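Here the structure comes first, spelled out in structure tokens, and everything after it is commentary.
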Amino acid sequence: TSSELAKCLVDYVVTRWESDPNANGSYSYLRPGGGMVDLEDLQRPHEDSKGAKMVYFAGEACTTTGFQCVHGAYISGVKAARRALTHFPERLQS
């Protein structure tokens, strides 16, 4: 459940793009020559120096389903949370 996952989090960031003076409510966009394979790279968990998957990214820029859309951000968030749960099951026991 989400409350169980919240107990396992070390840190997180919430952005408010609509009020960020540098973003001005912007959204992601593929670089010139970029493609959906770039989004798949963003979906991969980042590993620490020992190879443990430690950082999971989510958002409308991290999905090939719903790219640049709110539902895409939601879908990628659920996917990242499920991945995190599979890599940290022992933390859910405590």
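Scanning the stretch 1-48 for residues that are modelled with pLDDT of 85 or more and small (Gly, Ala, Ser) turns up GLY33, GLY34, GLY35. State yes or no: is SER28 in a loop (DSSP other than H, G, I, E, B) and open to solvent by less than 30 Å² (accessible area, probe 1.4 Å)? Here the answer is yes, as SER28 does meet what is asked. Counting only residues that are at pLDDT below 85 and either of a type in the set (Phe, Trp, Tyr) or part of a strand (DSSP E or B) (or both), which one in the stretch 56-94 is farthest from the chain's Cα centre (by Cα)? Looking at residues that are at pLDDT below 85 and either of a type in the set (Phe, Trp, Tyr) or part of a strand (DSSP E or B) (or both), I get PHE88.
So LYS7 passes all but one of these: (1) free of Cβ contacts under 8 Å to residues at least 12 places away in the same chain; (2) within 16 Å of HIS87 (Cβ to Cβ); (3) open to solvent by 100 Å² or more (accessible area, probe 1.4 Å). Which condition number does it fail? Here LYS7 meets the rest and fails (1). Within the stretch 40-57, residues that are under 16 Å from ALA73 (Cα atoms) reach partners that are among the β-branched types (Val, Ile, Thr) and not in a strand (DSSP E or B) with beta carbons closer than 9 Å, at six or more positions or on different chains, in the pairs GLU40/THR64; LEU42/THR63; GLN43/THR63; GLN43/THR64.
The values are calculated or read from the model by the stated rules, or taken from the named source; none is laboratory data. The model shown is predicted, which means the values in this text are computed figures rather than measured ones. Neighbour counts are summed over all protein chains in view; Cβ atoms, including those assigned to glycine, are modelled from backbone coordinates with ideal geometry. Heavy atoms of the whole protein, side chains included, go into the accessibility calculation; ligands, DNA and RNA do not. Shrake-Rupley method; radii C 1.70, N 1.55, O 1.52, S 1.80 Å.
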